[in-house]
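Beneath this line is the structure, given in structure tokens, with notes to follow.
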Amino acid sequence: MSILMLLFHSDFAKSQANRVLVDALTPRGDVEVIDMYALYPSGEIDLDAEVARLIAAERLILQFPVNWYAPPPLVQAWQNSVLTRMFYIHAQDEGERIRGLPLLVAATAGNTPDAYAPEGMNLFSLKELHKPLHSTAHRCAMTWSDPFLVYGANRSTPEVLAEAGLRYAARVADWASGPR
């Protein structure tokens, strides 16, 4: 099994929540973590390398902190370059090769679940805010899974974050054992 995790965190070295999530998957041995901001600090993405990575993967995790109700900008840049090439320019040679690729979004948010509700300060749930990613997965014929979400990421105690790491490891194990 080959799980590709594309980590989109602009300052991963200072992250607590995303670090715990990455570390929770390290014992698996089948997760390749690519720190996209470390790899592409200028935002210029190596299309050949990223297409090859996707084609080789058996499962894909996009992990990131939520910034202003959305994934970090490099996620959009990656979609615009990599997925546009794979599905609009080389659909038969590349895009078709990842048809059915299981996709899991793992996102951390600084606020509470109550803030992400119709009556909360953010008006929408994180699941609703991730609908563009769901639509993209659908358009690219990837298999969407309900996102793994961590709230209060920058306010949580180490114990709460450790629990989130355990839940993440269990969720990924369950997801990885499912059908492709």
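Each value in this text was obtained by applying a stated rule to the coordinates, not by laboratory testing. Not measured: the values here are computed from a predicted model. Glycine also receives a Cβ, built like all others from the backbone with ideal geometry; neighbour counts cover every protein chain displayed.
Any idea what angle helix 158-176 forms with the longest principal axis of the chain, computed on alpha-carbon atoms, 0 to 90 degrees, nearest 10?
30 degrees
Can you give the calculated 222 nm mean residue ellipticity of the chain, where each DSSP H run of n ≥ 4 adds -39,500 (n - 2.57) and the sum is split over every residue, rounded to the nearest 500 deg cm²/dmol?
Numbers: 7 runs with 61 residues, N = 180.
Calculated from helices alone, the mean residue ellipticity at 222 nm is -9500 deg cm²/dmol.
For residue 15, what charge total do you get from the other residues with a beta carbon under 15 Å from its beta carbon, if Lys and Arg give +1 and Asp and Glu give -1? Each step should come with its number before you reach the end.
On the way: positive: 14, 19, 155; negative: 11, 23, 35.
Value of the local net charge: 0.
Net charge near residue 77, counting Lys/Arg +1 and Asp/Glu -1 over other residues with Cβ under 13 Å of its Cβ?
Details: positive: 85; negative: 44, 46, 50.
Local net charge: -2.
Can you give the longest stretch of the chain with no exposed loop site, where a site means GluC sites (Glu not before Pro) in a DSSP loop (not H, G, I, E or B) with at most 14 other C-beta atoms within 10 Å? Working shown, then result.
Numbers: sites that count: 44, 58, 119.
No qualifying site falls inside 120-180, the longest such stretch.
Obtain the nm distance between the two label points defined at residue 92 and residue 80 by a simple spin-label model: each point lies 7 Å from its Cα along the Cα-to-C-beta direction.
Result: 2.9 nm between the two label points.
Which ³J(HN,Hα) values, rounded to whole Hz and listed in residue order, are derived for segment 130-143 from phi using the Karplus coefficients 6.51, -1.76 and 1.60 in 6.51 cos²θ - 1.76 cosθ + 1.60 with θ = phi - 60°, glycine and proline given as x?
So the Karplus estimates, Gly and Pro as x, are 8, 4, x, 5, 4, 4, 5, 4, 4, 4, 8, 6, 8, 8 Hz.
Find out how many positive minus negative residues lie around residue 179, taking Lys and Arg as positive, Asp and Glu as negative, among other residues whose Cβ is under 13 Å from that of residue 179.
On the way: positive: 59, 180; negative: 58, 174.
Counting the neighbours of residue 179, the net charge comes to 0.
Given a cut-off of under 8 Å on Cα pairs at least six residues apart, what relative contact order in percent is computed for segment 3-176? Intermediate results must be reported in sequence, preceding the final value.
Values: 246 pairs, mean separation 45.8, N = 174.
26 percent.
Would you pull out the residues with amide H under 5 Å of residue 112's amide H, same chain only if 5 or more places away, H placed 1.01 Å from N?
152
Once the Cα atoms of helix 47-56 and of the chain are each reduced to a long axis, what angle between those two axes, in degrees from 0 to 90 to the nearest 10, is obtained?
Value to nearest ten degrees: 80.
Tabulate in residue order the Karplus-calculated ³J(HN,Hα) for segment 93-98, using 6.51 cos²θ - 1.76 cosθ + 1.60 with θ = phi - 60°, rounded to whole Hz; enter x for Gly and Pro.
7, 10, x, 4, 6, 10
Taking loop as defined by DSSP and a crowding limit of 10 other beta carbons within 10 Å, which chymotrypsin sites (Phe, Trp or Tyr not before Pro) in segment 1-69 fit? The partial results should precede the final answer.
On the way: sites: 8, 12, 37, 68, 69; in loops: 8, 68, 69.
Those that pass, being in a loop and sparsely packed, are 68.
Counting only Cα, what are the radius of gyration and maximum Cα-Cα distance Dmax of the chain, in Å?
My reading of the Cα-based Rg and Dmax gives 15.8, 48 Å.
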